[in-house]
Structure formats: structure tokens, C-alpha cells
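J.: Mind looking over this structure? Questions follow.
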Amino acid sequence: MSRLNQIDRIFAMAALAPMLVLALAASQALLAQTPSQPPVPAQAGAPNMAQPPTEPPATVSTSPAQAPVVTEVVPAFEPTPEELGDSMAGHQRYQAAIAAYSKEPAPTAGIWNKMGIAYQMMFNLKDATRCYNASLKLEPKNATVLNNLATVYDSLKQYGTAERYYRKALKLEPHSALILRNLGSNQLTQHHYKKGWEAYQSALAIDPKIFQNHAGASVQNPATTQERGAMHYYMAKGCVSTGNPECAIQNLRLAINEGYTNVKKVSTDSSFATLYELPAFQQMIAAQTPTSQ
């Protein structure tokens with residue numbers, strides 16, 4: 001190579017030097033922006049180890065369709081023999097009630113009393129008495145059972161025995177309108193009219209509607225028609241004293257029909273003076289007059 005050519009090449013390289021410097025600087029800047037190691041592509045079927053595992057959200061909301069079905073097991077209701085017996089008695093299925101009560105392994109005084117009532121409602125006075133006595137062995141001072149047993153003796157026409165049980169019951173519950181009413185009926189049945197009326201008055205002072213309230217065992221049918229008439233007559237007097245004319249007129253009608261009194265006596269009895277002007281009383285008198293003459 002000639003010397004002239006060498007000189008020309010040196011000048012050419014000198015002219016290219018600044019361009020090379022700029023190119024080198026640009027290359028270094030590009031390398032600075034590029035990661036030193038490119039990411040490794042994930043293999044098919046293998047987890048991408050370059051990505052961290054996804055954390056579950058703090059709250060997961062599940063749609064109703066995706067919610068798990070939880071079945072609550074509710075134990076079947078099993079009534080006790082006493083509860084079943086009460087239900088049967090409430091529907092007047094007394095034989096079924098007794099069968100249910102009898103399944104109690106250790107009958108209480110209350111259960112014996114309920115069985116006694118069921119027997120009495122079926123007019124089985126022998127078994128009713130047996131059950132009431134069994135109840136009293138467990139609870140001798142139970143006024144309710146004493147009253148119930150007394151009504152059985154009244155039905156058996158053992159009025160003296162019935163009276164003794166009523167008075168025992170009253171010593172335990174002196175303010176029982178029901179027991180006083182039953183005792184009054186018992187006295188009227190024995191023709192003790194004054195004592196019967198006094199017992200009725202005491203019952204009415206406690207409960208003015210005692211003659212309309214038939215809850216509990218009570219004396220409903222004294223021995224004879226005449227005795228039933230006496231009971232209704234004194235009930236009528238009691239109803240007047242408590243301001244219940246409808247009750248009074250109803251019982252007066254029964255007392256007349258059963259022969260205890262008559263229209264003439266009723267029309268002149270000052271006990272019923274407050275009824276004289278009432279249309280219902282006048283209608284009753286008019287209806288009874290032809291048969292009473």
C-alpha cells in the first residue's frame with residue numbers, strides 16, 4: 001500500500017471515530033434497559049415458577065346456587081302418656097285417655113285424679129272412686145280430689161259421706177266457690193234448705209257467675225225431681241241477688257217445671273220482685289199459668 005493510501009485511510013478512520021463512539025454509547029444504554037437474564041418460558045403442563053402463587057382473597061362470596069345445603073335434623077315430638085291422655089280427654093275420648101294415663105310408669109296424684117274424672121264422665125263410679133282414693137294416698141290434703149270424690153258419693157246417694165268430704169275440702173280451700181256450690185246442692189238434696197241457701201250465698205259472694213260456670217266436678221242431678229226443683233229455685237234467688245235476671249228466670253222456669261214451686265208463689269215472692277216488670281219474666285208466667293191451674 002502506498003504511503004498516500006495509508007494517509008487517506010487514517011483520515012477516513014478518524015472521521016468515523018465519533019460515529020463509533022455514539023453507536024457504542026447507544027448500545028450500552030439499550031443494554032442497561034434490558035434484563036440480564038430473559039424469563040424462562042413455562043413448560044407445558046408444569047407450573048410457571050417465575051410467578052408467585054396466587055393468594056386467596058380475604059372474603060369469598062358464594063352464590064346461592066353454590067352454597068352448601070345444610071339439613072337440620074329436628075327430633076320428632078313424642079308426647080308423654082299424660083299429655084296424650086289430656087288430649088284424648090279434651091276430645092271427650094275418655095276410654096282412650098284412661099289407656100294413655102295408665103301407661104305412666106309411676107302415676108302421680110294428678111294423673112290418678114284425671115283418670116278418676118275420665119271414669120266419672122263415663123258413669124263408672126266404682127273405678128272413679130278407686131282412682132280418687134289412689135290420688136289421696138299420694139296427696140291427702142288435695143281439696144280438688146276431695147271435692148271430686150264427694151261428687152261421686154252424691155251420685156251414689158251417700159249424702160252424709162259426700163258432705164264430710166266437702167267439708168274436708170273447704171277446710172283446705174275455704175274460698176272455693178265450686179266446693180261451696182256443691183255443698184249447697186248437697187244440703188238441698190238432704191232437705192236442709194237454709195244451710196243449702198247459705199252455702200249458695202257464700203259461693204255467689206266469691207263468684208257471682210258460679211251457677212253458669214260448670215268447670216270441675218259438681219253435683220248436677222240430685223236424687224229426685226223435687227230436689228232438683230229446690231236447687232234451681234235457690235239458684236234463681238242467687239242469680240237475682242247478683243243482678244243476673246236471665247239466669248234467675250231460667251232457673252225459676254226449671255223449678256216450676258220440676259214441681260218445687262208454682263207461678264202463684266213465684267209471683268208473690270218478694271225475692272223476685274225485681275223481675276216482675278221484665279218481659280221475659282212475664283212471658284214465663286204466661287206460659288206456665290195454664291199448666292199450674
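Read-outs throughout are calculated quantities, based only on the coordinates presented, and are distinct from any laboratory measurement. Since the model is a prediction, treat every value here as computed from it, not as a measurement. For neighbour counting, all protein chains shown are included, and Cβ atoms are generated from backbone atoms with ideal geometry for every residue, glycine included.
J.: Show which lysines lie in cross-link reach of LYS114 when reach means a straight Cα distance below 22 angstrom and same-chain residues fewer than eight apart are skipped.
T.: Those lysines meeting the cut-off are LYS103, LYS126, LYS137, LYS141, LYS168.
J.: Multiplying the sequence separation of HIS175 and THR242 by 0.36 nm and subtracting their Cα-Cα distance, what value in nm do you get?
T.: 22.4 nm
J.: Let me ask something else about it. Could you please report the charge total around PRO81, scoring K, R as +1 and D, E as -1 over all other residues with beta-carbon less than 15 angstrom from its beta-carbon?
T.: Charge balance in the 15 Å sphere: -2.
J.: What GluC sites (Glu not before Pro) in segment 68-153 are in a loop by DSSP, with at most 10 other Cβ atoms within 10 Å of the Cβ?
T.: Details: sites: GLU72, GLU82, GLU83; in loops: GLU72.
Those satisfying the criteria are GLU72.
J.: In which sequence would LYS265, LYS194, LYS168 go, from the one with the fewest C-beta neighbours within 10 Å to the one with the most?
T.: LYS194, LYS265, LYS168
J.: So which chymotrypsin sites (Phe, Trp or Tyr not before Pro) in segment 92-138 pass both tests, a DSSP loop state and at most 11 other Cβ atoms within 10 Å of the Cβ?
T.: Sparse-neighbourhood loop chymotrypsin sites (Phe, Trp or Tyr not before Pro): PHE123.
J.: Using a Förster distance of 22 Å, how high is the FRET efficiency between ALA96 and LEU138, based on the Cβ-Cβ distance and rounded to 0.05?
T.: Plugging the Cβ-Cβ distance into 1/(1 + (r/R0)^6) gives 0.35.
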